[in-house]
Amino acid sequence: MPENPFISIIVPLYNKEFCIRNTIESILNQSYKNFELIIINDGSTDRSLHIVSGISDNRIRIINKTNEGVSATRNRGIKEAKGDYVLFLDADDYLYPDGIQTLIDLKNKYPDAQIYTGNFETHKTDSIHKMCKLQQEGYINNPFKLKWHNTWDMRLGSFIMEKKCFETIPKFHPIMTIGEDVYFTDSIFEKCKIAYSPSVIMRYDRNNSSLSFKKYPIEKCLSAYMDLNIGNFYQKCLNAECVAKGIAKKILAKDYKGCAYLIKRNYRYTFVIIKAFLAKILHL
């Protein structure tokens, strides 16, 4: 393992035997080399641990623990990280060969930021789509507005952030497992200075996105934690959209108790939800 890795790449692993090798190889094949790869095995019951244990590279560190969920697993990775910067990558995603180098180059150009992010692609069956329409490199201003207009977004795997940021911002929500990544990235939008490159950094696999329509306890879902009374206009719109989608997903999952909870919790903000969707339709 490198004595002083500049970047710690944190991969939470739970039963991903079908894809984890491809993800790890995408990391090890980076043109940028000064990193450590921390694989946190969250009690996998398939061949995932066997596969990663068979990959020989001194930059890999495997940590085994009992199953606690993805948020607690990433938080363990933060605790273990030795690098100045951290990058979170899911076990079924893919880093493009120059992904990290692009972010390092961005850091050298904008040294006063705390987060450096790039464009990313989503992969669904046989289609791949570039997600950020923003083509201008530079600092991100009013991130909630850009996200609301589907111009720009940031997801795990597409950015590096200073580890010392966690001295002042929360880590991953320990209970949430559905939408916990969005909760985390949204929470740091206005707390950290962000620099962006339109170059594509990574590919996000959406082939398992239908899992979110299964019946999950409400306390594990992002929509249960949205506050429709905080933030600027665009943040309120995004939170309202999340609640509305959460209600729809609970209906599709036939989780009427969870649906009732969301409606009861947010009925005072019905106008906010309606206003958000009108804003979406009118492109405000």
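The values are calculated or read from the model by the stated rules, or taken from the named source; none is laboratory data. The shown structure was predicted, so the numbers you read here are calculated from the model rather than taken from an experiment. To get the accessible areas, we keep the full protein, side chains included, count just its heavy atoms, and leave off ligands, DNA and RNA. Shrake-Rupley method; radii C 1.70, N 1.55, O 1.52, S 1.80 Å.
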Mind pulling the angle between the C-alpha long axis of helix 270-282 and the longest principal axis of the chain? Nearest 10 degrees, somewhere in 0 to 90.
70
Square roots of five times the Cα gyration tensor eigenvalues for the chain, Å
31, 23, 17
The helix 70-80 Cα axis meets the longest alpha-carbon principal axis of the chain at an angle in degrees, between 0 and 90 and rounded to 10, of 40
Over the Cα atoms of region 1-72, how large are the radius of gyration and the largest Cα-Cα distance (Dmax), in Å?
12.0, 34
Accessible carbon and sulfur surface of region 31-141 relative to its total accessible area, %, 1.4 Å
46
Rounded to whole Å, sorted largest first: equivalent-ellipsoid semi-axes of region 63-105, Cα gyration tensor:
24, 14, 7
Output the pairs from Lys220/Lys245; Lys107/Lys163; Lys236/Lys275 with a Cα-Cα distance over 20 Å in this structure; if there are none, say none.
none
Round to a whole angstrom and tell me the spacing of the C-alpha centers of region 63-126 and region 129-166.
13
Comparing Ile51, Ile140, Ile178, which has the greatest mean-square fluctuation in the GNM of the chain with Cα pairs linked when under 10 Å apart?
Ile51
Just to confirm, what accessible area per residue do you get for the chain at 1.4 Å probe, in whole Å²?
48
